[in-house]
Every structure is written in structure tokens, then in C-alpha cells.
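The values are calculated or read from the model by the stated rules, or taken from the named source; none is laboratory data. From a predicted model like this one, the values you see are computed outputs, not experimental measurements. Methodologically, a virtual Cβ is constructed for each residue, glycine included, from the backbone with ideal geometry; neighbour enumeration extends over all protein chains shown.
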Amino acid sequence: MKQPDPTTEIDMFGRMTIALEKVEACREFTALIPEVRTNMVFAHPYAKTPDEVLAVDGRITIINGMPRAAGRVRFGASGHMARFIIELMKTDPTVRAGIDFANPPGFSDWLSDYCIQQGWASVMIDRRIEPAELRIAEGLSMQWKAAESVRAAGGRVPKIICDAGGMGKEPVCIIVGDEPMGVARDVCGIARDYAQSQK
């Protein structure tokens, strides 16, 4: 792995730590943590492999009704989300961070309206059209999902990518951005507004 220079590495760890604290302080986000749990990633500017992407070791789970990181932030702690971000960076190198969250029944319609209000581009990916050989191959599914989201958004990287799930695939959404603190702020905003809408 090509390690970032010390200044870049310190900046990346600092941003991820602050972002993770924001997520862990957002009680409403627990309702959007999928069964497979959540991960947040932040890629080195020239990342080519998951070893060059910061993520939460063991993902983010729920403890005592609050989101909690299962482990520390480290390079190489994510496979799926890391590959997803790396693929998006091929289209837009500024998109280096992301977090995934649940897509429960009815949520994607609410989220689509929310994105319109925020002025965010969003897409819904149909996992049923994913080629079977990619679906079963380790590491290729997320690359397909990233490429399909760019295609669905007309050649650009959308802010929000959702899917309705598929065979053995839990329905999830992903929000992306240029750095994790903004991604954490935005996903917590989604969680709080969605919780309010359900009252």
C-alpha cells in the first residue's frame, strides 16, 4: 500500500474521527442502520485499493440504542464500501467519502422528495439487472453498482444512491461527498428529518 504523506494521513484520521463522533451522537441514525451494519469510508486522494481507504473496523452497530463503532478507524477496514468509492472516484476524484444506511419499505420515496428539497442528485439502482457473474464474484458487485449509479445519473456521480435489494442483497442507500464530516452531517440530517416525518 502506498501510504499517504504524514500531513494527509493526520488530516484524514482527524476528519474521520470527528465524522464518526457526529454519527455516534445521532440517536435517530439507529433506525437507518441496516442488518449488515453501516460503514463510513474516506479514500486517499489517489486510492486504487481498499488498503488506501479509511473505514471503521467492524463497522458501525447499535449499542444501548445509539450508533457505535465496533472498532477503530484504520486503512483497509472496508472491502465493499471502499471499492464503491474507488470506482466513483474514476468519474469524480473529489468524491472520496461515503456512508451506507438502510432503505426500509417506503423510505426511498421519502428520500427522493428530501433530495429534491435539498437540491441533491439521487438515483435508484435495480439490482435485479446486475449480471449474475458479477453478483457472485467477490468485489465486483459494488463496482457494478457504482458504475450503474453514474450511468443512471447521466454520467455524473449522484449525491445519493439507493437500491431495492435483490437476491441475497439487503436494500441500502449510500450518501457520498468530498470528505466524511459533511457526509456525517448530511446523513444525520436525513435520519433526524425522517424520524420527525414518522411521528
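Side notes on the structure shown:
- Selection status of ASN39, within 28 Å of GLU9 (Cβ to Cβ), touching an Asp or Glu at 6+ places or on another chain (Cβ under 8 Å) and crowded, with 21+ Cβ neighbours inside 10 Å: yes
- So MET12, is it buried (at least 18 other Cβ atoms within 10 Å of the Cβ) and more than 24 Å from ASP163 (Cα to Cα): yes
- For ASP178, the conditions (1) surrounded by 18 or more Cβ atoms within 10 Å (Cβ to Cβ); (2) at pLDDT 95 or above are fulfilled apart from (1).
- Taking the numbered list (1) crowded, with 21+ Cβ neighbours inside 10 Å; (2) modelled with pLDDT of 95 or more; (3) out of contact with any His (no Cβ under 8 Å at 6 or more places or on another chain); (4) over 18 Å from PHE29 (Cα atoms) in turn, GLN118 passes all entries but (1).
- Selection status of ASP126, among the charged types (D, E, K, R) and touching an Asp or Glu at 6+ places or on another chain (Cβ under 8 Å): yes
- Filter result for the condition that a residue is out of contact with any Cys (no Cβ under 9 Å at 6 or more places or on another chain) and either of a type in the set (Val, Ile, Thr) or modelled with pLDDT of 95 or more (or both), over GLY165, GLY154: GLY154
- Taking every residue in the range 16-34 that is under 15 Å from ASP186 (Cβ atoms) and pairing it with any residue that is not hydrophobic (A, V, I, L, M, F, W, C), at least 6 positions away or on another chain, the pairs with Cβ-Cβ distances below 6 Å are ALA19/PRO180; VAL23/PRO67; GLU28/ARG192; PHE29/PRO67.
- Close pairs (8 angstrom Cβ cut-off, 6 or more residues apart or separate chains): in a loop (DSSP other than H, G, I, E, B) in the range 164-175, at pLDDT 80 or above and aromatic (Phe, Trp, Tyr) anywhere: none
- Residue pairs whose Cβ atoms lie under 9 Å apart, separated by 6 or more positions or on different chains, with the first residue in the range 58-81 and in contact (Cβ under 8 Å) with a residue 40 or more places away in the chain and over 15 Å from ALA31 (Cβ atoms) and the second of a type in the set (Lys, Arg) and surrounded by 15 or more Cβ atoms within 10 Å (Cβ to Cβ), are ALA69/ARG59.
- Note on the range 89-103: residues that are part of a strand (DSSP E or B) and buried (at least 21 other Cβ atoms within 10 Å of the Cβ) amount to 5.
- For the range 188-199, the condition of being over 26 Å from ALA25 (Cα atoms) and surrounded by fewer than 18 Cβ atoms within 10 Å (Cβ to Cβ) holds for none of the residues.
- Here GLY65 clears all of (1) farther than 18 Å from PRO158 by Cβ; (2) surrounded by 14 or more Cβ atoms within 10 Å (Cβ to Cβ); (3) at pLDDT 95 or above except the condition numbered (2).
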